[in-house]
Amino acid sequence: MTSASEMAFDKQHSIDFYADQLNEKLQAKRQNLLKLESEWDPVRKSLEEKKRSLEDSLYSSNPHLQEMLQKLRECQQEEQLILSEIREREEEQSKLSADLAKQPKSSSRKSYTEKIKEITKNSRKQDADVERILKETREVQLDSNSIRERLHRTYAVADEIVFREAKKDVTGRQVYRLLTSIHQGFEEISEKIMATDRIRREVAEYEMKLAAMTPRSLDANKLHADADINVIVKGNDHFDHPFQEM
């Protein structure tokens, strides 16, 4: 009790320090015991041989006693085998315990709970960011549609005024042709910008699919070929534009 109290109130060393010391002493005792057993085995075998010889000479005249002696020896032999197996299991347990003590201590359940909470928190934050981005995207789309409608009305008014003036003289007709040419040029630019944006979105989708696929099931050459074909096809497609109705 005194030793245990000194260990418990020792501020310089932890309980693990004393536990390691006791384990080292225990291992030393076990090694000493194994050494003594190895020294005792030759002596024991010699004494057992002498005992066996004396028993054979003593019970040779009585068959019943000789049969009983044979059974007793079988039991003793089985007992020795069991004791040997027990010692092997104890040595294996001691080795495994030492290996387990050397292994780094695993994280506690509390640390795993904290990690799960952190992951859940980050997931909720990402969901909020996604919702915010979707909301901003819808607002931008509405603004874009509003601007396109305003441009459509502006062009309709300008086209009507210039067309009315084109009926009067040559200069008016040249101005009308110039207005029509400018309108067609901006329409082609708008179509190319929209096509480029769609191609970029499809490339981003392919990259996400590429990252999600396993290397074994991935045919990179086929994927690149499909992407090139889609880029060419989408680049040649024409998108509907409000100005085309004019």
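The values are calculated or read from the model by the stated rules, or taken from the named source; none is laboratory data. Note that the structure is predicted; figures quoted are calculated from it, not measured. Glycine also receives a Cβ, built like all others from the backbone with ideal geometry; neighbour counts cover every protein chain displayed. Surface accessibility is based on the protein's heavy atoms, side chains included, excluding ligands, DNA and RNA. Shrake-Rupley method; radii C 1.70, N 1.55, O 1.52, S 1.80 Å.
Overall shape: prolate for segment 8-81, with the ratio a/c of the largest to smallest alpha carbon gyration tensor axis at 1.5 or above and a/b above b/c.
The calculated FRET efficiency for LEU47 paired with GLU85, based on their beta-carbon distance and R0 = 35 Å, is about 0.90. Computed about the Cα centre, the dipole magnitude for segment 40-165 is approximately 620 debye when only Lys and Arg (+1) and Asp and Glu (-1) carry charge, each at its Cβ. Report, to the nearest whole %, how much of the accessible area of segment 1-145 belongs to carbon and sulfur atoms, 1.4 Å probe, protein only. The value for segment 1-145 is 55 percent carbon and sulfur by accessible area. Annotation for segment 142-175: trypsin sites (Lys or Arg not before Pro) lying in DSSP loop with at most 13 further Cβ atoms inside 10 Å of their Cβ are LYS167, LYS168. Here the 3J(HN,Hα) profile of segment 185-202, calculated from phi with Karplus coefficients 6.51, -1.76 and 1.60 at θ = phi - 60°, is x, 5, 5, 5, 4, 4, 5, 5, 5, 5, 5, 4, 5, 5, 5, 5, 5, 5 Hz, Gly and Pro shown as x.
Accessible surface of LYS135, taken over heavy atoms with a 1.4 Å probe and every protein chain present, rounds to 120 Å². Take HIS152: with every protein chain present and a 1.4 Å probe, its accessible area is about 50 Å².
For segment 135-197, just say rounded, prolate or oblate: build the C-alpha gyration tensor, square-root its eigenvalues into a ≥ b ≥ c, call rounded for a/c under 1.5, and beyond that prolate if a/b exceeds b/c, oblate if not. Oblate is the answer for segment 135-197, as a/c is 1.5 or above yet b/c matches or exceeds a/b.
Rounded to the nearest Å, what's the spacing between the alpha carbon centres of segment 15-39 and segment 168-217? Just the number, please. After rounding, the separation between the Cα centres reads 82 Å.
Taking all protein chains together and rolling a 1.4 Å probe, MET194 ends up with roughly 60 Å² accessible. Please give the FRET efficiency for THR137 paired with LYS192, using the beta carbon to beta carbon distance and R0 = 25 Å, rounded to the nearest 0.05. For R0 = 25 Å, the calculated efficiency reads 0.70. Rounded to the nearest whole Hz, the Karplus-based 3J(HN,Hα) values (6.51 cos²θ - 1.76 cosθ + 1.60, θ = phi - 60°) of segment 63-77 follow the sequence x, 5, 5, 5, 5, 5, 5, 5, 5, 4, 5, 4, 5, 5, 5, with x at glycine and proline.
Can you list which of the trypsin sites (Lys or Arg not before Pro) found in segment 9-116 are DSSP loop residues with at most 14 other C-beta atoms within 10 Å? Here the trypsin sites (Lys or Arg not before Pro) that fit, given the DSSP loop and packing criteria, are LYS11, LYS105. For segment 138-148, 3J(HN,Hα) computed residue by residue from phi via the Karplus equation (6.51, -1.76, 1.60; θ = phi - 60°) reads 5, 5, 5, 5, 5, 4, 5, 5, 5, 5, 5 Hz, glycine and proline entered as x. Seen through its C-alpha gyration tensor, with square-root eigenvalues sorted a ≥ b ≥ c, segment 63-107 comes out prolate because a/c lies at 1.5 or above while a/b is bigger than b/c. Taking the Cα centre of segment 129-212 as origin and assigning +1 to Lys and Arg Cβ atoms and -1 to Asp and Glu Cβ atoms, the resulting dipole is close to 360 debye.
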